[in-house]
Amino acid sequence: MDGRLKAIVNGKIVTAHSVIDDGIMLIDGETIADIGTKGSVEIPEGAEVIDAGGEYVGPGFIDIHCHGGGGYWSWEEPYLFALSHLKHGTTGILPTLVYNQSREEMLEGVRNILRVGEQPYSGAIIGIHMEGPFINKKYGAVTSPIRPVDPDEYNELLAVAGDRIKVWTLAPELDGQAEFAEAASKYGIALSVGHSEADADTIFSLVDKGLRIGCHCTNASGTTPSPSRYGGTREIGVDEAVLVHDDIYAEVIPDAQGIHVRPLMCKLIHKAKGTDKVIVITDAIDEAGLESGTPGGEYEDVRFIEGVGLSGSKLTMDRAVRNMMRHTGVGIVDAFVMSSLNPAKAINADREMGSLEKGKLANLVIVSDEIEVRRVMLRGRLME
């Protein structure tokens, strides 16, 4: 790595609270050394100067729910998968295993991710997300490998990966989940309620054990119970429980046409939770980042199979953030909070990443006001 100090100049620096117009950022090795307005930060002699061209400089995106990209599945080729998303500004990613894998496939996938080791830009992989297998069979696109909660299985996975598992999605209503949550809590794992029809009390009972994410809200989250206890009234389902609890983040998949989450629903989720409790994700499949689909067409960034239905997103985080801004009308500061800082907080990584602050890792993107990625930096190293 080039050990010289770097200075990013002529950029609109997006902090967690505001935009610093014509800002300057100093980078020393892997970390941010200083940030401020032009004139308030002195550029040391000999520093490498990077001109942001008047564009926005924001924290790198963090995608905590992503299955594939660049033609690769995250558990088969985790390094190449991460590189494909890094090009689109994602400087922190959780390769996400899926509930339709067998026990053996899931274990091997975890081992593949752990074997990546130190390679150029491999620091973009910041952990693992286990989506299942302990979910409700009624809410999986492929149900055959979904299985009951098994202490032997989860203890084996915890023994192999431990705190490298950052998120684990489960259906709280299944027998044995309280014990599983207790075991996972010893590793600081963020639990996510998903593919579930749990009632609010059951969901809330796991908050103290680490449940702090609502998995892809309004997707595979059941429906409000019907018929209701009292005719003509509405019950509470998983999504409503997530929206009302102050300590649970709401994941959103904002595809262009609002197929995963209707644009008005994006607005409702953001209005109910507030910027500080929404997390933008891709939930992407292997086709993400490849040139496919018709730009502006109905299925431009999702995969929809006739006779089967919706079968994953082709999103990268730059596109997801752009869509979220269009659907909700939020500004660029809020957009970066939802796509960088909040996911970092959810997995307890915000001391190192998620916002541009002195002492944090120099993980950043230079983007246009339309979130078109110009440059990407990971740990102080510009991606070629």
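The values are calculated or read from the model by the stated rules, or taken from the named source; none is laboratory data. In this text the structure is predicted, and so the values were computed from the model without any measurement. Cβ sites come from the backbone with ideal geometry, for glycine too, and all protein chains shown count toward neighbours. These area figures cover heavy atoms from the full protein model, side chains too; ligands, DNA and RNA do not enter into them. Shrake-Rupley method; radii C 1.70, N 1.55, O 1.52, S 1.80 Å.
How about segment 35-46: which of its residues are among the small types (G, A, S) and open to solvent by less than 20 Å² (accessible area, probe 1.4 Å)?
Initially, segment 35-46 is screened for residues among the small types (G, A, S), giving 36, 39-40, 46.
The answer is G36, and nothing else.
Of V167, V160, which residue is over 18 Å from A349 (Cβ atoms) and in contact with a helix residue (DSSP H, G or I) (Cβ under 9 Å, 6 or more places away or on another chain)?
Result of the check over V167, V160: V160.
For segment 162-205, which positions are within 23 Å of the chain's Cα centre (by Cα) and either open to solvent by 30 Å² or more (accessible area, probe 1.4 Å) or among the hydroxyl-bearing types (S, T, Y) (or both)?
D163, R164, K166, T169, S185, K186, Y187, G188, S192, S196, E197, F204
Only one of these conditions is not met by H17: (1) open to solvent by 40 Å² or more (accessible area, probe 1.4 Å); (2) within 14 Å of L364 (Cβ to Cβ); (3) touching a residue at least 60 places away in the same chain (Cβ under 8 Å). Which number is it?
(2)
Quick check on S355: is it touching a Pro at 6+ places or on another chain (Cβ under 6 Å) and either in a strand (DSSP E or B) or polar (S, T, N, Q) (or both)?
Spelling it out, S355 is indeed touching a Pro at 6+ places or on another chain (Cβ under 6 Å) and either in a strand (DSSP E or B) or polar (S, T, N, Q) (or both).
Look at K358 and say whether it is open to solvent by 40 Å² or more (accessible area, probe 1.4 Å) and modelled with pLDDT of 95 or more.
Yes.
Condition first: over 21 Å from K138 (Cα atoms), open to solvent by 20 Å² or more (accessible area, probe 1.4 Å) and either modelled with pLDDT under 90 or touching a helix residue (DSSP H, G or I) at 6+ places or on another chain (Cβ under 7 Å) (or both). Now tell me which residues in segment 206-233 satisfy that.
Selection gives K209, R212, R229, G231, G232.
Could you look through segment 338-352, keep only residues that are polar (S, T, N, Q) and in a helix (DSSP H, G or I), and pick out the one that is nearest to M25 (Cα to Cα)?
The qualifying residue nearest to M25 (Cα to Cα) is S340.
Of the residues E384, E370, which is in contact (Cβ under 8 Å) with a residue 40 or more places away in the chain, out of contact with any His (no Cβ under 6 Å at 6 or more places or on another chain) and assigned to a loop (DSSP other than H, G, I, E, B)?
Result of the check over E384, E370: E370.
Looking only at segment 179-196, count every residue that is in a loop (DSSP other than H, G, I, E, B), under 25 Å from E240 (Cβ atoms) and touching a helix residue (DSSP H, G or I) at 6+ places or on another chain (Cβ under 6 Å) and tell me the total.
Residues flagged as in a loop (DSSP other than H, G, I, E, B), under 25 Å from E240 (Cβ atoms) and touching a helix residue (DSSP H, G or I) at 6+ places or on another chain (Cβ under 6 Å) within segment 179-196 amount to 2.
Could you tell me whether segment 333-346 includes any residue that is among the polar types (S, T, N, Q) and open to solvent by 10 Å² or more (accessible area, probe 1.4 Å)?
First, the residues of segment 333-346 that are among the polar types (S, T, N, Q): 339-340, 342.
Now drop any that are not open to solvent by 10 Å² or more (accessible area, probe 1.4 Å), which leaves none.
No - not one qualifying residue is present in segment 333-346.
Looking at (1) out of contact with any strand residue (DSSP E or B) (no Cβ under 6 Å at 6 or more places or on another chain); (2) not in a loop (DSSP other than H, G, I, E, B), which is the one condition that is false for I213?
Condition (1) is where I213 drops out.
If we keep just the residues of segment 301-318 that are at pLDDT 85 or above and acidic (D, E), which is surrounded by the fewest Cβ atoms within 10 Å (Cβ to Cβ)?
Going through the qualifying residues, I end up with D318.
Quick check on G274: is it more than 29 Å from S311 (Cβ to Cβ), small (G, A, S) and open to solvent by less than 40 Å² (accessible area, probe 1.4 Å)?
Criteria met by G274.
Per-residue answers, yes or no, for (1) open to solvent by 10 Å² or more (accessible area, probe 1.4 Å); (2) small (G, A, S); (3) at pLDDT 95 or above:
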site: A33; (1), (2), (3): yes, yes, yes
site: W73; (1), (2), (3): yes, no, yes
site: F81; (1), (2), (3): no, no, yes
site: G89; (1), (2), (3): no, yes, yes
site: G92; (1), (2), (3): no, yes, yes
site: T96; (1), (2), (3): no, no, yes
site: M106; (1), (2), (3): no, no, yes
site: G109; (1), (2), (3): no, yes, yes
site: A124; (1), (2), (3): no, yes, yes
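Can you give me the number of residues within segment 70-104 that are touching a residue at least 12 places away in the same chain (Cβ under 8 Å) and either assigned to a helix (DSSP H, G or I) or within 26 Å of P148 (Cβ to Cβ) (or both)?
So the count comes out to 21.
Scan segment 146-161 and give yes if some residue there is open to solvent by less than 70 Å² (accessible area, probe 1.4 Å), touching a Pro at 6+ places or on another chain (Cβ under 8 Å) and among the basic types (K, R), otherwise no.
yes
Which pairs do you get when a residue that is within 12 Å of L174 (Cβ to Cβ), found in segment 193-213, comes within reach of a residue that is in a helix (DSSP H, G or I) and among the small types (G, A, S), reach meaning Cβ atoms under 7 angstrom, with the pair 6+ apart or on two chains?
L206/A181
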